[in-house]
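**Student:** Pasting a structure here, questions to come.
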Amino acid sequence: MPTPSLDISLNVSGRRVLVLGGSRPARRVIARYVAAGAVVYLAADTFEVPNPQVRPVAWPHSPALWRDLVSAVDLVVVVDVPAEAQPLVAAACAERSVWLTREAAAPVSRPGHVTLVGGGPGDDDLLTVAALTALRGADIVYYDRLGPRALIDEWAPGAELVNVGKLPGHHAVPQVEIERMLVASALSGLTVVRLKGGDPFVFGRGGEEMAACRAAGVPVTVISGVTSAIAVPALAGIPVTHRDVSRLFTVLSGHVPLSEDELAHLVGLGGTIVVLMGVGTLPHLASGLARHGMRADMPIAIIERGFSTQQRTTVADIDTVVRVAGEVGARSPAVLVIGEVVRLAQCDDAAAVAVLANAATLSGQR
């Protein structure tokens with residue numbers, strides 16, 4: 001049976017913390033305790049990575065020396081200790097009534113590792129457990145503008161944080177440079193996290209970054225995130241599918257105007273259309289869908305700044321949406337939802353039955 005355990009938060013600010021293990025395996029532990037304000041000592045046979053914020057101490061080689069060493073600190077953290085030394089550490093801490101904990105060592109092989117992490121649509125609560133675990137173990141984090149970042153110092157304590165975010169029409173750090181930075185950091189032996197908004201593989205250029213890592217021989221894994229294509233409409237009360245109304249949904253990028261063939265296929269598919277980054281091309285999209293046969297009264301929602309305190313939903317139809325968007329000053333970032341499911345955002349439970357019945361009838365008439 002597994003040994004029961006209990007996580008306890010401990011304020012180590014100003015406390016003396018002794019870390020046991022090689023400087024490279026212990027680098028993440030050291031960074032976290034330094035970031036938390038502790039006075040950190042490191043006992044190791046070798047000091048491969050000098051750290052000016054860490055005070056090196058000689059490795060004890062007898063029970064008496066262990067007792068003397070632990071007496072001078074408030075907490076002992078075991079990271080990478082030879083098997084024969086472990087009972088000496090435990091006995092010395094028990095005798096001197098000093099807190100003792102164990103933490104996992106960081107990887108020391110080269111190259112390091114890159115993890116592409118989906119951070120979700122911006123709400124801290126939608127960051128996955130796997131994402132938080134990856135951030136906690138990172139040496140360096142490259143993060144985006146639209147991903148969750150308010151608490152990034154807490155999620156990745158002690159890690160180097162690099163903002164590579166992009167604004168519409170302005171890429172301060174070109175994509176090819178981001179890929180070069182990821183590879184270079186990993187080749188130097190670091191554990192790298194690329195924190196992206198939404199999901200890395202939904203218009204997040206995660207595929208390009210994965211390919212760059214693989215081409216350089218860098219191990220890379222992907223942690224999926226909650227995509228705004230589903231989560232933002234849901235927060236606005238719009239399901240992207242609903243029985244008897246919409247049995248499919250299509251997600252597309254509105255960054256570049258669609259071709260006539262693409263517009264025609266969208267109308268022919270039916271179901272729900274979700275458009276990311278589509279405010280700038282909305283006039284082309286609305287007129288194109290109408291031109292290829294979409295009903296003028298097909299509802300469309302513009303959901304701006306999802307999961308922020310300024311979130312706003314504007315509902316119009318294909319015939320009026322361009323004018324309405326101009327009147328309200330709709331701006332990016334926004335998610336567009338086109339389809340009968342949009343009507344669900346405008347009714348309470350009592351009215352929903354009638355609305356859905358009407359929507360199902362209209363759907364069958366297409």
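The values are calculated or read from the model by the stated rules, or taken from the named source; none is laboratory data. Everything numeric here is computed off the predicted structure, so don't read it as measured data. Ideal geometry is used to build each Cβ from the backbone, glycine not excepted, and the neighbour counts take in all protein chains shown. With ligands, DNA and RNA removed, areas are computed over all heavy atoms of the protein, side chains included. Shrake-Rupley method; radii C 1.70, N 1.55, O 1.52, S 1.80 Å.
**Student:** Which value in nm describes the separation of the simple spin-label points at residue 177 and residue 319, placed 7 Å from the Cα toward the beta carbon?
**Tutor:** Reported label-point gap for residue 177 and residue 319 is 4.9 nm.
**Student:** Per DSSP helix of 4 or more residues, -39500 (n - 2.57); summed, then divided by the residues of the chain. What does that give at 222 nm, rounded to the nearest 500?
**Tutor:** Helices in the chain give a 222 nm mean residue ellipticity of -9500 deg cm²/dmol.
**Student:** Could you please report the charge total around residue 334, scoring K, R as +1 and D, E as -1 over all other residues with beta-carbon less than 13 angstrom from its beta-carbon?
**Tutor:** My count for the surroundings of residue 334 gives +2.
**Student:** Return the distance in nm (one decimal) between the two label points of a simple spin-label model at residue 95 and residue 128, each offset 7 Å from Cα along Cα→Cβ.
**Tutor:** 4.8
**Student:** Net charge near residue 53: determine it from the other residues with C-beta under 13 Å of the C-beta of residue 53, scoring Lys and Arg +1 and Asp and Glu -1.
**Tutor:** Working: positive: 27, 32, 55; negative: none.
In short, +3.
**Student:** According to a simple spin-label model (label point 7 Å from Cα along Cα-to-Cβ), what is the distance in nm between residue 57 and residue 215?
**Tutor:** In this crude label model, residue 215 to residue 57 measures out at 4.9 nm.
**Student:** Is the shape of the stretch 198-275 best called rounded, prolate or oblate, per the rule: a/c under 1.5 gives rounded, else a/b larger than b/c gives prolate, else oblate, with a ≥ b ≥ c the square roots of the Cα gyration tensor eigenvalues?
**Tutor:** Because a/c hits 1.5 or more and a/b fails to exceed b/c, the stretch 198-275 counts as oblate.
**Student:** Can you tell me the length gained on complete extension of the stretch residue 234 to residue 247, counting 0.36 nm per residue apart and subtracting the Cα distance?
**Tutor:** So the chain would gain 3.1 nm between residue 234 and residue 247.
**Student:** Could you work out what % of the accessible surface of the stretch 218-261 is carbon and sulfur, using a 1.4 angstrom probe and leaving DNA, RNA and ligands out of the count? Please report the intermediate quantities before stating the final value.
**Tutor:** Numbers: 1350 of 2330 Å².
Heavy-atom surface of the stretch 218-261 belonging to carbon and sulfur, 1.4 Å probe: 58 percent.
**Student:** Further question: So between residue 259 and residue 153, what do we pick up on full extension, going 0.36 nm a residue minus the alpha carbon distance?
**Tutor:** Between residue 259 and residue 153, full extension yields an extra 33.8 nm.
**Student:** Rolling a 1.4 angstrom probe over the protein heavy atoms, how many square angstrom per residue are accessible across the chain?
**Tutor:** Computed with neighbouring chains in place, this is 49 Å² per residue.
**Student:** For the chain, what is the charge dipole size about the Cα centre, in debye to the nearest 20, if Lys and Arg each add +1 at the Cβ and Asp and Glu each add -1 at the Cβ?
**Tutor:** Values: 30 positive and 34 negative charges, 91 e Å.
Taking the Cα centre of the chain as origin, the dipole is about 440 debye.
**Student:** Antiparallel DSSP bridges in the chain: what percent, to the nearest 5?
**Tutor:** Around 30 percent antiparallel, to the nearest 5.
**Student:** Out of these labelled values of Rg and Dmax of the Cα atoms in Å, [x] 19.2, 59; [y] 26.9, 87; [z] 21.1, 64, which was calculated from the coordinates shown here?
**Tutor:** Evaluating Rg and Dmax of the Cα atoms in Å on these atoms matches [y].
**Student:** If I stretch the segment between residue 205 and residue 287 completely, what's the gain in nm (0.36 nm per residue apart, minus their alpha carbon distance), one decimal? Before the final figure, lay out each step's value.
**Tutor:** Numbers: separation 82, 0.36 × 82 = 29.52 nm, distance 2.87 nm.
The span from residue 205 to residue 287 would gain 26.7 nm if fully extended.
**Student:** Right, another one. Averaging sequence separations of C-alpha pairs under 8 Å and six or more residues apart, then dividing by the length of the chain, give the relative contact order as a whole percent.
**Tutor:** 13
**Student:** Tell me, what is the FRET efficiency for residue 9 and residue 68 to the nearest 0.05, using R0 = 41 angstrom and their Cβ-Cβ distance as r?
**Tutor:** 0.90
**Student:** For the stretch 207-297, which trypsin sites (Lys or Arg not before Pro) are in a loop by DSSP, counting at most 12 other Cβ atoms within 10 Å?
**Tutor:** Passing sites in the stretch 207-297 are 243, 247.
**Student:** Next question. Would you work out which of 188, 152, 174 lies farthest towards the positive end of the dipole of the stretch 87-217? Charges go on Cβ: Lys and Arg +1, Asp and Glu -1.
**Tutor:** Of the listed residues, the answer is 188.
**Student:** Another question, then. Need one number: % antiparallel among DSSP beta bridges in the stretch 108-258, to the nearest 5.
**Tutor:** Bridges in the stretch 108-258 that DSSP calls antiparallel: roughly 15 percent.
**Student:** Ranked highest first by the average count of other Cβ atoms within 10 Å around their residues, in what order do 308-314, 190-196 fall? Could the numbers behind the result be given before it?
**Tutor:** On the way: 308-314: 13.3, 190-196: 27.7.
Going by the mean number of other Cβ atoms within 10 Å, highest first, we get 190-196, 308-314.
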